[in-house]
Amino acid sequence: MKLNDNWGFIDESGETVIRPQFTGARDFSEGLARVQIGGDKYGLRDQWGFIDKSGRMVILPKYDEMHGVGETSEGFHDGLAMIEVDWSKGFIDKTGKVVIEPRFEYGTYFIDGLACVSDGESKKWGYINKTGKWAIPPKFDWACLFSEGLAPVTFKGQCEYINKSGDVVLRPDFETSPDCSIVHGHFTEGLSRWRIGDKYGYIDNQGNLKIKARFAMTDDFSEELAYVVINGKYGFIDKTGKLVIKPMYERAENFSGGLARVFTEAGSGYIDKSGEYVWETKR
């Protein structure tokens, strides 16, 4: 939550559990949250560290703002978190010890022992293990993290999925955009979004189209639902493609713990899977 330009944290009932005091904050992951501290309190200029759920700073704020990295990748996953020092990415453990020195240009978090990173010299993407060694050498034009044993990559202009050996195991035969970073998503709950023409639908892990491509935007499934955009508004579908929460929001996030954050012109809040608000704030 944000109050008077400072960020804090609330629980599922909307009660404040960590008062707004941070100039920036990310969601909790594996018990810790990345937060930003200004110069006045700690003598450091807009640096990032990590707090526990009591609000105690457990890793001092000494890391730079992350660049070119999604917010989900900024938390702890598989016991490690990405850091940025002088525009290069590395990884720390929960004690704050640097276990992989910052030397990568971009990256994603670890999952099942692998993280996707881009080599600063070749500009190619590959996968490292938790010691920082290459498990799949950097050869892809673009790549992203593994999910359900598969990872979306771009190789020589092809949008495809690889397994953890680096072998291509799926290349759906649909005419689509050459920019693979916007074409495919991750396999979650057996489905992955896929762009056909200018619309998105969902394929299974055999490359079969399971939900017709009719949405302007979509995301991965989470807790049996995925948000979609129709006529500029966000709603939610189930795994049959049926609209279960009609498009009415300006923006939405995936369900987690039975709730999804949604935004309207009037404010924001959290809804349950019936579309009812459990907590709401007005602008």
- [ ] Just give me the residues in the stretch 127-147 being modelled with pLDDT of 95 or more and in a loop (DSSP other than H, G, I, E, B), in sequence order.
- [x] 129, 130, 131, 132, 133
Open item on the list: Can you pull out every residue in the stretch 44-82 that is modelled with pLDDT under 90, surrounded by 15 or more Cβ atoms within 10 Å (Cβ to Cβ), within 18 Å of the chain's Cα centre (by Cα) and not in a helix (DSSP H, G or I)?
Closed with: 66, 69
Open item on the list: Quick test for you: out of 276, 265, 280, 224, pick the one residue that is under 18 Å from the mean Cα position of the chain (by Cα), surrounded by fewer than 16 Cβ atoms within 10 Å (Cβ to Cβ) and among the charged types (D, E, K, R).
Closed with: 224
Open item on the list: Just to be sure I understand, how many residues within the stretch 103-126 are in a strand (DSSP E or B) and crowded, with 19+ Cβ neighbours inside 10 Å?
Closed with: 10
Task: Subset of the stretch 227-262 [surrounded by 13 or more Cβ atoms within 10 Å (Cβ to Cβ) and of a type in the set (Val, Ile, Thr)] - done: 228, 229, 230, 237, 244, 245, 262
- [ ] Answer with yes or no whether residue 160 is at pLDDT below 95, over 16 Å from the mean Cα position of the chain (by Cα) and not polar (S, T, N, Q).
- [x] yes
- [ ] Look through the stretch 1-39, keep the residues that are closer than 18 Å to residue 69 by Cβ and among the basic types (Lys, Arg), and return whichever of them is modelled with the highest pLDDT.
- [x] 34
Open item on the list: Every residue in the stretch 163-213 that is hydroxyl-bearing (Ser, Thr, Tyr) and over 23 Å from the mean Cα position of the chain (by Cα), please.
Closed with: 165, 176
Open item on the list: Take residue 99 and tell me if it is in a strand (DSSP E or B), buried (at least 20 other Cβ atoms within 10 Å of the Cβ), in contact with a strand residue (DSSP E or B) (Cβ under 6 Å, 6 or more places away or on another chain) and free of Cβ contacts under 8 Å to residues at least 40 places away in the same chain.
Closed with: no
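The values are calculated or read from the model by the stated rules, or taken from the named source; none is laboratory data. All figures in this text were calculated on a predicted structure; none of them were measured in a lab. Cβ: placed from backbone, ideal geometry, glycine included. Neighbour counts: every protein chain shown.
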